[in-house]
Structure formats: structure tokens, C-alpha cells
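Down below is the structure, laid out as C-alpha cells.
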There are 2 protein chains.
Amino acid sequence: MSFGYHRRILRVNLTDGQITIETPDDVFYRRYLGGAGFVAYYLLKEVPPDTDPLGSENRLIFACGPLTGAPLAGSGRNAIGARSPLTGAMGESEVGGFWGAELKAAGFDAIIVQGQAASPVYLWVHDGQAELRDAAHLWRLENKATHAAIREELGEKRARIALCGPAGEKLVRYANVMADLKHAAGRTGLGAVMGAKRLKAVAVRGTGKVPLADPAQVGALARWMRGNYRDLMGAFPDLGTGISMVPYNRDGALPVHNFRDGHLDGADVLGREGLAEHVVVRMESCYACAVGCKKVASLDEPYPVDPAYGGTEYETAVSLGPNCGVTDVYAVTKASERCNALGLDTISVGGTIAFAMECFEEGLLTPEDTGGLDMRFGNTEVMLQLLELIAARQGIGDLLAEGSKRAAERIGGGAERLAVHVKGQELPYHDPRIQHGLGLGYAVSYTGADHMHNAFDGSYEHEAGLDSVRNLGVLEPMPATWLGPEKVRAIIYGSLRRHLDNCLCLCDFLPYRNDQVVEAVRAVTGWDTTAWELWKAAERLVTMARAFNVRQGFTPADDRLPPRMAEPLGPGEPIDPAALKAALPLYYEMMGWDPITGVPRAAKLYELGIGWVTGLLEDV
Amino acid sequence: MSFGYHRRILRVNLTDGQITIETPDDVFYRRYLGGAGFVAYYLLKEVPPDTDPLGSENRLIFACGPLTGAPLAGSGRNAIGARSPLTGAMGESEVGGFWGAELKAAGFDAIIVQGQAASPVYLWVHDGQAELRDAAHLWRLENKATHAAIREELGEKRARIALCGPAGEKLVRYANVMADLKHAAGRTGLGAVMGAKRLKAVAVRGTGKVPLADPAQVGALARWMRGNYRDLMGAFPDLGTGISMVPYNRDGALPVHNFRDGHLDGADVLGREGLAEHVVVRMESCYACAVGCKKVASLDEPYPVDPAYGGTEYETAVSLGPNCGVTDVYAVTKASERCNALGLDTISVGGTIAFAMECFEEGLLTPEDTGGLDMRFGNTEVMLQLLELIAARQGIGDLLAEGSKRAAERIGGGAERLAVHVKGQELPYHDPRIQHGLGLGYAVSYTGADHMHNAFDGSYEHEAGLDSVRNLGVLEPMPATWLGPEKVRAIIYGSLRRHLDNCLCLCDFLPYRNDQVVEAVRAVTGWDTTAWELWKAAERLVTMARAFNVRQGFTPADDRLPPRMAEPLGPGEPIDPAALKAALPLYYEMMGWDPITGVPRAAKLYELGIGWVTGLLEDV
């Protein structure tokens, strides 16, 4: 008997409609864990170089982890992955809510989707069964309508549904996958992969439970978190994300005007207190979670905002707020709602709009290009209008639907220097110029810039912050705007916890200590595992992802930061490209990769128990 | 407040008699742990290249670990180290018994001895105090007499005493340090370092306790071991070491006649059952240990054997038994007693005698060389006589006191091919030809061939054996006589536990699971540590030791096995030197060392938090 997973993985071929169930052995689960680990495994095994991300041969993987669905705060997550249409690299994003737990309740650990449907379909997975159903009538519907229609026709009010929105159908390269209406697998354009496959949705419903090896111990951990999260999380359970907005703005380190500036008068209202005061009507939780950190916003005017679409997270607030020069709390709330309705990644869409606004101000885009839109920073109505144009690929929206990197290439005239992305993916809204290790992390992330794959230098500046890595052996504090060897190590060690969480499908917000994560996996799976085994699994994920990207043609030249990061920023220190370039070989070599080529060494692959990958890298 | 250690390290300069107390910070303890970790640290910091192992500038380090002296089975250990006079490499050996726990009770974590006394002295450490005392009257005494005299003149019957025997005084290159009379820090010639420094003994007595962070948890672990060791250890608590003798002999894999043969009629009596029947009068324990695995032998005739010197362990039984062609259980018991009285490493002395016997049979040594001794295999009396000659450096003993490597060089005529050593240290009595990974381990051990630094392939042949490494991520069994990449990894992972134990000073015999070791360290020290941090500390030790050896001139050419291992052995497979040579680069690279030079890479040093070592390797 296995615990924590079912040893059942669904494989769905949309081309011929065939649905099969695969039953990997326990060694497979223990080696790759789940979530991002499964995504990396299947992409590396099944998606060869030059596979068109928007073609039939790409894989789309929905993967739970061993903790998904366990009765434990933070366990309502799953990963989704594919070769990214935005970056061409490994695409992967994690999502909270209830969908993953529901898939586990339905008796499956993961779904691998391949092929391409001739006409729109959705997948209906319920208690060990799976079927493809026609979705032609749902095509073009926004998410709420799709969601309601599927629940209605299935007669299953409790179905949880992963959705491809209108933006995904239109192959917007940063279209997201929404789990129900409030939870976004935001990054790397996975919605476009769904759209390309003509897979409108994956609805799941299950009445089973995740088998637990030691229910009492799982219960004890759950009780510990319920009893302690308030003391450990400050105001987070009341206010959610957004603590950084006000201090960043005060210090001049807030991403403003496409990362050009660090402060914007009036932006403070977009911090979590401002949102609470003006637009948030309640806080909600994900599956089994004690912490209600998810905002729900509702408004009648000046913009009607439907609470079904949740509320504005920090990244969204900066992206569509100050980064576009916008400080209108109502407009930003509306923008968040529209992104969730249309299926747009708020980070990338805001980054792309901000990029376009700067191009407009610099004369690289003219009113002729924009169809007469006055795309100056701070034009709130234009920001809102662009969301619609992008999702529909209309007018200037068609260009911006390609993301800032491709748009810059088409615009030309030096627009590239204004495009704030890594590998084509727009930067999240924590400026690396005040945290140089995070900059390194953005540069090397296998998905392009991604704050959920990284550790923050600020944590390691003071003794107290070291608590998260001291039990990995990082024992001494170090400055945030510094990229010395000890920092490279601290960032690697800190990031591995994120990657581990993404394999286990455990929420990063929950203040589980490293040793408690080990305890949770032991209690759920019954494995006598250790931190060594689990952190090595995280290394394995990162190394498999690297191998995938290497095969897709990525080189160390792609591990760079946008030119803007070398420009001054108030309290920050520009990141000298030469300093970053000097840190890269050290990072690679610490990871067991070749310092010049960045290709994982055979010794590291064998050391991680994935010697089979050596064969895939022979011709690289 | 620190737990598990005192933050007090004694430094004794024998040249000027100065004694000081150093108080490193907690980061130091957490980074290097103790035991072998401290030995590696101080040797690397303070013993530059070309330091004469028998000179004033060598350091002699007695180091406890955080677990030494905790009320926990297996915690009565400490490490001793110096640059080895036998190998020139890092010399280090661990020892059980009571001495280490007593040093902790006296308020010190370690003693660093430097310089050289003008005339013999001993060190007396008691409850926070330390003094050097004259030992001129003790010089030339055998261990029991020295031990009794020191206790007598200190008026302290409970003093625990680490002793340099007559062999150490005579600079026999494999002289050991005996802790009291029964517990040997056997390997790498540390007794000769004591002798060269004219340090006859270190007597310790303390009435303090090791401060424990969580006494209740330590107690729970201790109770667990008391309640379970019998089920987990089979007959070990009743019979001690020696389970392998009979099966090895049956299978033709026992080291016989200088590893030339694999079976010897009559050798079975030297197995643990035979010893129990013929010579063992009781079993004893080390400090705080539930398991009484230490044999005590007593005899009146044919040889008087003093039970004060303990009994015959497996390595001793093979070394001075079948490896020399001897099957007389009484003579081997006497030989064990004499080695402990004289301070001779039983493994190396037996290996050297066996080598000489084969030389004699091959005509490379003649009766003229041996002073008329008939040194054929199986000459029991000559074996016993040679122990005395070696300890006194008389006749042929003077040559053999140099160890088999140096002796072979002097004998010439191809004697080197009969010398069964790595880096000058004689092989322990587990033949690598039936366990190829162990062969790799012997080849790369920083001390030369050492079974206590290594993992055994046999454990990884079947699912059950994997229990010791499965929670490090080694998930699939593999053949014993195979040296593929997965084996290299398994051996590294398995060996790291040994190295960790040697830093913590925890006995390898106790069946603590990996996760329980983590638990023990947490409970004793109060650190919120993880397996990741602890196994990385083991990597740190091995890497520091490698750096030390690199600085002393060792290269990959020294990481080889003796020619005998390429010869056939009954059930075994010869280890093809080419296969070993092919595995080395993979081993190095898995360790983060350069695959060609074997030198630790800067990235690995920084990754282990010991960037300071890069400066020491710059000119290498």
C-alpha cells in the first residue's frame, strides 16, 4: 500500500481521444516526488528539442504532490507545466485553491495531456473515471460563464475546474490557467498551451481521500499550524499579500514606470491596508488551510467588480498599478478581476503594458501604432482597455499578446533595453537591485524570472532571517546588495526549499520549518525520509529543468538580467552585468553543472539518481 | 548557553609548557561539529606542507564531538588526529571507551597538542584545570604499568588515560594510542606522534556533565535504544565483532596469507563463537552504552592473557590469525593482549607481518635478514615474537616497524607487489574483491585504507540493506562486485554517515537510523538541525581532509589499490585497476573535486561554507 499518492496517472491524448491510466512504481514517486518534479520528468522524457509549444506534440502536465490533498494547511496546491510558449523553456506554474486536492480525491496524482483536439473539448475526471466532452459551446466564454456552464451540465456543483480563458484560446503567450476563478497558475503561458490543444477546461470531482501513513502525526502538525500561524505570520492572515508595497515605496525601491523609478506618490493605497480599506470584503482560504490569506474584492462603482474572481494580490497590484504609473485602487481591482476572467497572467501583462507605455513615452510606439491610444504612464483607462485588446489580440493588443521580449524585437529601435524580462518572462515586482542574490535567481530560474522559485536576500541580512536556512548550514548573515560566493550558496540553499515545496505542492506562505516539511512528508507518505533526500529531490528537479532547457537551446547567455537592472535605483545598487557574469560559473559549479556551458555534469546526474539524463545530453 | 559542548578547547605547547584555553564561537561548533571535523580543521589550518609528522610542528588533536559524553548509547567516543607518520596524509582514528566522555566531564571539548617536550611528560586534565607532569619514570613502561602509576600518583582511581605505549616511544609508524587499556585509536600511527612529542599520556578526570538542550528527548532516544538493540543487532551484544569470519572462510573470501588466499582450514575458531567458547570471559560496554560488545579475554595457559587488556576484535583476529596463516585461538588472543600492552595497531602490524612472511616464502627476505627467524606463514611463535621485536625496533622488527610500504621499498626485488596497503596504510580485513565499492572507498580514504570510513557494498545488494541509505535517496539495489556510477554514489552517501558519526563521535555499531542521528543532535545541542546540514558537515570533513592531503603532495595516483586486489580470489572478482581508474573521476566530480587532479573545487569549498580553504589551494 502506498500513502500520499494513488500510483495512478491519467494520460489523455486529445488527438485520438484515448485515455489511459499509468501506474508508476513507488521508486518513481519517491525519486521525483510530484508537482514540479513530475513536470520536469515528463517534459524531459517526452518533449524533444524544437517541439512547438503551441503544437500537438507539447505535453501539458497537471501534477499533484504527495502532500496535495492531505488535511494540512498549505496542501491545496498542484503544479501545471508544458514547454512554455512565452520562453521556449520549461514552463511551470503552481496554483493553490482546491483543484489539486480534488484531483487527488478523484483518485489521480497527475494528468498528462498530449495531442490536439480537432474541436474544443473539456476533460471530466471523477472518482477514478475520465472522459472528454464537447466544449464547442464554451469557446469564447469568459471564465465565470464557462465555470458555471460546466458545473451545470455535469450536474456537479462541487466540481473544481481548471480553465483556459479567452486569452488562452487566442494564444496570448502569457495566458494563464485559472483553477476555478480565483486561483491562477499564472506564469509561463500555460493557458495558451491549453488553448492550442483546444482543451477548454479540466473539471474534477472526487469523494475519496488521500491515504495517510500516519494520520495522527498529520493531525498533530495540522493542529500545530492552527495554533501557531497567527503568532508566526503577523498580519498576513488578516491582510494577505502586499506588505512590501508601502516600505518599498517609502524607500524608493518599488517597481514604478516599468522599473524605471522607485517611488510613486499615491501608490501606498495599493498596499494591503489600502486594499483592505477600499475594496476587500472578506478573506478566504485554500483547501484545508487555516490561513485565510486570499483577498476577495467587491465593488459596485466606479467599476463593478465581481467577488467571484477573488481579489488583488501584491504582484497584481504593482504590475497593473505603479509599474504602469497607476494608483487608482478601484481600477487596479477591476484590472485584477478582468485578468482572472480573461485568463491573463497579471505579472506579465502588466510588465508588457508598462514596457509599451515606456516605448510610447520614448516615441518608439506612436499613436499610429496604438490605434490612437494615449499610452502614457498613468493612463488608467488605457491600462484597462489594453487588457481587453490583448486577450482578444485586437489592435496593439495583438503585438502585446506576444510579451515584452517579442514585442521589443518587432518594435526595434532599441526597445529591447526597455523590456524587463528574463528569457522572455517579465520580472515579478521585487526589484533585484536591492537584493542581488534574487537577481542571480531571476537570471537562472528555469522558467525565466520567477519569485516563487527563489529566495530573498533580505532574509539573510540579519540573524533572525537566517532561521529559514540555518538548519541547512548557512550560519552567518550577509549584505543584501552583494553577490559573493557565500551569497550564491545561500540563494541556492534557500531556493531549494522553494523547489521542494513545488514538488511536494506545499504553499510557500505557510511558516513550516524545514524540519517540519520533512516531518509532514514522513507522516503522509510513510517514507522514513530525511532532509537530505528531500533537498536532493529539489536539486533533481532544478537539474532536470536545466537539462530540458539545454536541449531546447538555452545557454549561459540566456541567464542574464534585463539592462534596466544595471541602471541606478534610489536605495539600490545597480547589478553590474560583469558581476552577474562572474557569479554564474560559481552558481553552475555549485549546482554540479559545467561552469562554462552550464550543462549538468554526468557526475551530478548520477549523483542525483538520474543517470538516464546523460543520454539526452550527449549531443549537446 | 551552548549545549552539547563547553566552548572550551585546551591548547598545550609542549615546547614551552604553555597551556591556554580557546573559546571558539557557536558557529565554529556548528560548522565543524567536532571529532574528525575538528581534526581536519586544525590540521588544515595549522600543519603546512612538509611538516615532519614526527617533528615538533605536527599537531596532535584529541577531539570530542557534540554527542561525546551524552547519556546515550554509543556516545563514549572521541577522535585523535595528526599528520600521519605512516602515510604522510591526514592521520585520524576514533576510539571508544570512556576517555572522551571523561574529557567532556572535565569541561573541555578538545585538546590541541603542539611542540615537543624536552623530556617525557604527561598531561593531567581535571575539572577545568590542566597541567603537564614529569613522565621520565614512566618511559619504557608498558601500558598497564603506566596506567596504574599515573592513577596512583594522581590519587585518582577514576582517571581515564590515553596512552603512548612502548611502540609509540620507539616511533613505530603504526603505533596506536590506547584509551585506558582496552580501547584503541588504532590507525595511522598516532602513538608515534605522541612518542615523538614525548607525551606519554593524557589523563583526564571530570565531575561535570555535558549540558543537554532537551534531556527528556535524549532520555527517550536512550530508552528506545535500550529497548530495541537486541532485536536490531542479533547476536552482536552477546558475541561482539567477528560475525564475518566463518562465512568469509566458507566462501573463500577471508583474507588469508597476506590476502593471497581466501580460505584457511581451522580459522573458524577465530570467529566470534569460537572466541566466546575458548577465551572470552565476559562482555563489557563503553560509556553509557547498553550494548556490551567488547570482549574480555582471560587465559592462564598456554599463554597467560591479562583481562585488563580486553579481548580480540574481528580485525585483530584475522590480521594476526589467518592473514599470517595462524589458527591458534590462544596465540591470537595473546597477540591481541600484547598489541594493547605495547601500543601497536593490530591491523597494520598483522598486515606488515603477513607481508614479511610472504616475502620470506618468496625468498625476498632470507633467514639472514630475519636474524634466523623462520618467517613462514603459520609460524605462530614467530608471529608473537615479531610483535615484541617491532615494538622494540629490534632486528627485523626495526624494518617492519616502518610498515609494509616502506619495508617493501627497502626490501626491493618486487616486494612492492606483495605490500597490501593504500597510501602506506595496511588494508583492513574485508576484501574489496567481493565488494568493489569498498575498494573504491579504500582507495580514496583520506587516511589510507580504513573500514571505519567506508560503506560496504553487501548492504546495497538487497532491498533490506538499502534501509541504511534509502532515506538519503538510494532507492534501488545493485550488485556488490560492480563499480558503476550508481555504486559510486551509494558508496559516497553511505560513507558520509560514517564520516558524520566520526564528527559527532557516535559509535557506528549502534543501529541508529539516519533520522535518529539528526534527532540525537537536535536533542543534545538544541540546534534545529537537519540531515542536510549534518551530511554536508560530513562532506565538509572529507573535503577538508582532501585539501590537507593535496597540500601534502597527494595526487590521484595515490588513490589506488594494492596489486593484490587485481589478482583472482575465490568467489570474488579481481578489481581491474583500469575500472578503478575510470571510477575515480566520477567519484571526484560527485564530491565536487576536479576529475583530473582530485583537488576540491572553489565552488565546492564555498558551497560547504569553507571558502577560506581556497587560499590554501591556490598554489597547488
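The values are calculated or read from the model by the stated rules, or taken from the named source; none is laboratory data. Nothing here was measured: the structure is a model prediction, and the numbers come from that model. Every residue, glycine among them, receives a Cβ derived from its backbone with ideal geometry; neighbour counts consider all protein chains shown. For accessibility, only protein heavy atoms count, side chains too; no ligands or nucleic acids. Shrake-Rupley method; radii C 1.70, N 1.55, O 1.52, S 1.80 Å.
Things worth noting here:
- Taking every residue in B:465-473 and counting other chain Cβ atoms within 10 Å of its Cβ, the average works out to 4.
- Burial here means at least 50 square angstrom less accessible surface with every protein chain in place than with the chain by itself, probed at 1.4 Å; in the stretch A:507-553 the buried residues are A:Asp528, A:Thr530, A:Trp532.
- Helix-only [θ]222 nm of chain B, DSSP H runs n ≥ 4, -39500 (n - 2.57) each, per residue, nearest 500: -11500 deg cm²/dmol
- Shape category assigned to chain B from the gyration tensor of Cα positions, a/c cut at 1.5: rounded
- The value obtained for the stretch A:137-282, namely the Cα convex hull volume divided by the number of residues, is 189 Å³ per residue.
- As a fraction of the 1.4 Å probe accessible area of the protein assembly as shown, surface on carbon and sulfur atoms comes out at 50 percent.
- Projection of the Cα convex hull of the stretch A:1-61, averaged over all directions and equal to a quarter of that hull's surface, yields 4.7 nm².
- In this view, the solvent-accessible surface of A:Asp265, computed with a 1.4 Å probe and all protein chains in place, comes to about 120 Å².
- Straight-distance crosslink candidates among lysines, where the alpha carbon sits under 19 Å from B:Lys104 and sequence neighbours closer than 8 are dropped: B:Lys157, B:Lys209
- Looking at the stretch A:56-99, the DSSP beta bridges with both ends there are about 100 percent antiparallel.
- Cut-off 9 Å between beta-carbons: net charge of the residues surrounding B:Val517, Lys and Arg +1, Asp and Glu -1: -1
- Solvent exposure of the stretch A:442-492, expressed per residue, is 28 Å² of accessible area, with all protein chains present and a 1.4 angstrom probe.
- Each Lys and Arg contributes +1 and each Asp and Glu -1, all at the Cβ; summed about the Cα centre of the stretch A:206-327, the dipole is approximately 560 debye.
- All lysines inside 19 Å of A:Lys295 as judged from Cα atoms, apart from same-chain residues fewer than 8 positions distant: A:Lys144, A:Lys182, A:Lys334
- Bridges between two residues of chain B, per DSSP, are antiparallel at a rate of about 80%.
- Cβ-based charge dipole, chain B, positive-most Cα from B:Gly292, B:Leu344, B:Trp535: B:Trp535
- For the pair B:Ser56 and A:Arg158, a Förster radius of 60 Å applied to the C-beta separation gives a FRET efficiency near 0.15, rounded to the nearest 0.05.
- Position A:Asp576, label points 7 Å along Cα→Cβ, spacing to each other copy in nm (shortest first, one decimal): 5.2
- Each other residue within a Cβ distance under 11 Å of A:His436 adds +1 if Lys or Arg and -1 if Asp or Glu, for a net charge of -2.
- Peptide A:488-501 has a mean of 1 when you count, residue by residue, the C-beta atoms of other protein chains within 10 Å of its C-beta.
- For the stretch A:286-333 versus the stretch B:149-163, the spacing of their alpha-carbon centroids is 77 Å.
- Interface burial for A against B (accessible surface, 1.4 Å probe, total of both chains, Å², rounded to 100): 3400 Å²
- Placing dummy labels 7 Å off each Cα toward the beta-carbon, the span from B:Arg8 to A:Leu232 is 3.8 nm.
- Accessible area of A:Val517 (1.4 Å probe, protein heavy atoms only, ligands and nucleic acids ignored): about 0 Å².
- Placing a label point 7 Å from Cα along the Cα-to-Cβ axis, A:Lys45 is separated from the same position in the other copies by 4.9 nm, shortest listed first.
- Bridging of B:Lys405 to aspartates and glutamates at a Cα separation below 12 Å is possible for B:Glu416, B:Glu426, once same-chain residues fewer than 8 apart are set aside.
- Sum of side-chain charges, A:Pro120 neighbourhood, beta-carbon under 9 Å (Lys, Arg +1; Asp, Glu -1): 0
- Take the stretch A:155-259 with all the other protein chains still there, run a 1.4 Å probe, and you get 33 Å² of accessible area per residue.
- Applying both filters, DSSP loop and at most 15 other Cβ atoms within 10 Å, to the GluC sites (Glu not before Pro) of the stretch B:507-585 eliminates every site.
- Panel note: contact residues of the stretch B:571-620 (accessible area lowered by at least 20 Å² against the chain on its own; 1.4 Å probe) correspond to B:Leu586, B:Glu589, B:Met590, B:Arg601, B:Ala603, B:Tyr606, B:Glu607.
- For the peptides B:173-180, A:400-407, A:23-30, A:437-444, residues were scored by their other Cβ atoms within 10 Å and the scores averaged per peptide; the highest-first order is B:173-180, A:437-444, A:400-407, A:23-30.
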